[in-house]
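In what follows, a structure is listed as structure tokens, so that the remarks can point back to it.
The values are calculated or read from the model by the stated rules, or taken from the named source; none is laboratory data. Note that the structure is a prediction, hence the values are computed from the model and not measured. Virtual Cβ from ideal backbone geometry, glycine too; neighbours counted across all protein chains shown.
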Amino acid sequence: MSPTATSVARAATLDDVPGIARVLSLALHDDPLFLWLFPDEETRMAKVRRFFALTSGFGYVPAGDTRVTELAETEDSAPTVRAAALWAPPTSNPEGPLVSMRTWPHWGALIGRARLTAFIRLFAEWKMATPQEPHLYLAALGVDPSATDLGLGRSLLASGLEEADAQRLPVFTQTLDVKSVGFYERFGFEVVREVEHEGAGTSHFLFRPAA
């Protein structure tokens, strides 16, 4: 039986972190970023899951504006997180110094010393490309592959864009997956910059002007 939506997009809580990490790892484990960051296919899924548990648990849930959508297999079954979007409003800093201090001890063990320096360099290049003006930032968007035909990703993105429009804020995101560029362009984003990273591919920085 196909899952059915039991709730609209809602703000995530810390109790949702395992579900967020599960969904984003299922959706994004084959993203070029993670193919490069975690080259071992056998351990990649688990490491991407840990990556998003750290990112959301320390940063984007308590200090950002993470949204989730739940689905249930049947009317009697408990709903589970099937889609997630990690947002950062201009008044928040889910990747700031305090969060970095708390997560730093975990990154070395997860990524490995050989790749960590290159990842820090890539992350710094992302930060340098960030607009200076106040904006809404989308760090990650993903849908459980079992629910990809239900429009959950589009709905979560549209919900965030509506809030940005209401506040007259531009929106910024980036991706190393060229296949995602067209998806974002359909929502009014434009590629404003591209940066090539040795071994990792090309970052496409996308900007959606304020309404």
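The residue list Ala78, Ala63, Ala11, Ala109 contains one member that is touching a residue at least 24 places away in the same chain (Cβ under 8 Å), out of contact with any Ser or Thr (no Cβ under 6 Å at 6 or more places or on another chain) and among the small types (Gly, Ala, Ser), which is Ala11.
Scanning the range 97-144 for residues that are in a loop (DSSP other than H, G, I, E, B) and more than 30 Å from Arg154 (Cα to Cα) returns a single hit, Gly112. Each residue in the range 144-161 was checked for being closer than 20 Å to Gly188 by Cβ, among the hydrophobic types (A, V, I, L, M, F, W, C) and in contact (Cβ under 8 Å) with a residue 40 or more places away in the chain, and 4 of them qualify.
Checking the structure you have, find out if any residue of the range 203-210 is in a strand (DSSP E or B), touching a Gly at 6+ places or on another chain (Cβ under 9 Å) and more than 20 Å from Phe52 (Cα to Cα). So far as the range 203-210 goes, yes, one or more of its residues are in a strand (DSSP E or B), touching a Gly at 6+ places or on another chain (Cβ under 9 Å) and more than 20 Å from Phe52 (Cα to Cα). Only one entry of Val195, Val143 meets the criterion of being surrounded by 14 or more Cβ atoms within 10 Å (Cβ to Cβ) and over 21 Å from Leu24 (Cβ atoms), and that entry is Val195.
I need the full set of residues from the range 71-96 which are assigned to a strand (DSSP E or B), of a type in the set (Gly, Ala, Ser) and surrounded by fewer than 21 Cβ atoms within 10 Å (Cβ to Cβ), in order please. Can you show your working first?
Keep residues of the range 71-96 that are assigned to a strand (DSSP E or B), which gives 71-72, 80-88.
Next, only the ones that are of a type in the set (Gly, Ala, Ser) stay: 72, 83-85, 88.
Of everything in the range 71-96, just one residue is assigned to a strand (DSSP E or B), of a type in the set (Gly, Ala, Ser) and surrounded by fewer than 21 Cβ atoms within 10 Å (Cβ to Cβ), namely Ala72.
Only residues that are acidic (Asp, Glu) and under 24 Å from Asp65 (Cα atoms) were counted in the range 157-202, giving 6. Could you figure out which of (1) modelled with pLDDT of 95 or more; (2) closer than 18 Å to Gly153 by Cβ; (3) over 15 Å from the mean Cα position of the chain (by Cα) isn't true of Thr13? (2) is the only condition that Thr13 fails. Considering the range 146-172, the residues that are at pLDDT 95 or above and outside any helix (DSSP H, G or I) include one that is surrounded by the fewest Cβ atoms within 10 Å (Cβ to Cβ), namely Arg168.
Determine, yes or no, whether Leu122 is more than 14 Å from Arg22 (Cβ to Cβ) and touching a Gly at 6+ places or on another chain (Cβ under 7 Å). No: the conditions fail for Leu122.
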